[in-house]
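Asker: Encoded as structure tokens, here's the structure I'll be asking about.
Any read-out appearing in this document is the output of simple, stated calculations on the displayed coordinates, not a laboratory observation. In this text the structure is predicted, and so the values were computed from the model without any measurement. FYI the Cβ positions are ideal-geometry reconstructions off the backbone, even for glycines, and counts take in every protein chain you see.
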Amino acid sequence: MPWLSWLMLGNLICIPIGVALLAWLPETPLRLLIGALLMAAALLLRGGAHVTLVPTRVVRLGAGLASGFINGVAAIGGIAIAVLLSTAKMAPAALRATLIALLLFSDVVSLICAALMPSSAHPSGNLLGPDTLKWAVWLAPAMLAGIWWGQRSFKGVSPVQFRRHVLNLLIALATVSVLRSVFSLLA
């Protein structure tokens, strides 16, 4: 809870700013830049770089602001906050619970902002198209299954193993984001 409240506040402040920027700038270069930066950070941490976030209010709010902005601009704020929180001295169970609660909160805020934000860059006139609800309903069971599977897999994992698995997953997700952006730019 000490992290979550500040992270939520930061997301609440910066998601609308990121969504507004996304409404007027091309998405692909932004996603490429942010994905590459996150991949580099995760690779450095996985390679043994030691950075520890001191859990002050300013650091917690700053992490929330960064995550919210990245989530609004490129919809990959989860990767950003996971990279940041992997440097905090947080128990794996607390890290996992914080991420689940924050990602649900930030997704709801992002959807509300995207629904309200007009956009000249999208044919529908706003950032959400008519298929958004259909995709959300279709993907909800997969999300719930992933949370359930993660909970079962989490039991018996040491904090060192957990951190290594989280960083490996973040590297993979950032790589997918970067490759997707590169292919979009080349197409």
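Asker: Starting at the first residue of segment 26-39, write each ³J(HN,Hα) from the Karplus equation 6.51 cos²θ - 1.76 cosθ + 1.60 with θ = phi - 60°, in whole Hz, x for Gly and Pro.
Answerer: x, 5, 4, x, 5, 5, 5, 4, 5, x, 5, 5, 5, 5
Asker: Another question about this same structure. Compute the signed sum of charges (Lys and Arg +1, Asp and Glu -1) over the other residues within less than 13 Å, Cβ to Cβ, of Pro159.
Answerer: Here the count lands on +4.
Asker: List the relative contact order of the chain as a percent without decimals, with contacts defined as Cα pairs under 8 Å and 6+ residues apart.
Answerer: The value is 35 percent.
Asker: Tell me, what ³J(HN,Hα) does each residue in segment 41-53 have, in order and in whole Hz, if you take phi through Karplus 6.51 cos²θ - 1.76 cosθ + 1.60 with θ = phi - 60° and put x for Gly and Pro?
Answerer: Karplus values, whole Hz, x for Gly and Pro: 5, 5, 5, 4, 5, 5, x, x, 4, 10, 10, 10, 6.
Asker: Another one. What shape does segment 53-187 take by its C-alpha gyration tensor, where a ≥ b ≥ c are the square roots of the eigenvalues and a/c under 1.5 counts as rounded, a/b above b/c as prolate, and the rest as oblate?
Answerer: Since a/c reaches 1.5 and a/b is larger than b/c, the shape of segment 53-187 is classed as prolate.
Asker: With no solvent and one equal point scatterer per Cα, compute the Debye intensity ratio I(q)/I(0) for segment 129-187 at 0.16 Å⁻¹ and report its log10, rounded to two decimals.
Answerer: So the normalised log intensities are -0.80.
Asker: Given H placed 1.01 Å from N in the peptide plane, which residues other than close sequence neighbours of Met117 have an amide H under 5 Å from its amide H?
Answerer: Here the answer is Leu127, since their amide H atoms fall under 5 Å of that of Met117.
Asker: Counting only other residues whose beta carbon sits under 13 Å from that of Met39, what net charge do I get with K and R as +1, D and E as -1? All intermediate terms of the calculation are to be shown ahead of the outcome.
Answerer: Working: positive: Arg31, Arg46, Arg180; negative: none.
Net charge around Met39: +3.
Asker: Using amide H atoms built in the peptide plane, which far-off residues or other-chain residues are under 5 Å from Ala88 H to H?
Answerer: Leu53
Asker: Something else: Whole-Hz ³J(HN,Hα) for each residue in segment 80-90, computed from phi via Karplus 6.51 cos²θ - 1.76 cosθ + 1.60 with θ = phi - 60°, x for glycine and proline: what do you get?
Answerer: 4, 6, 5, 4, 4, 6, 5, 8, 7, 7, 10
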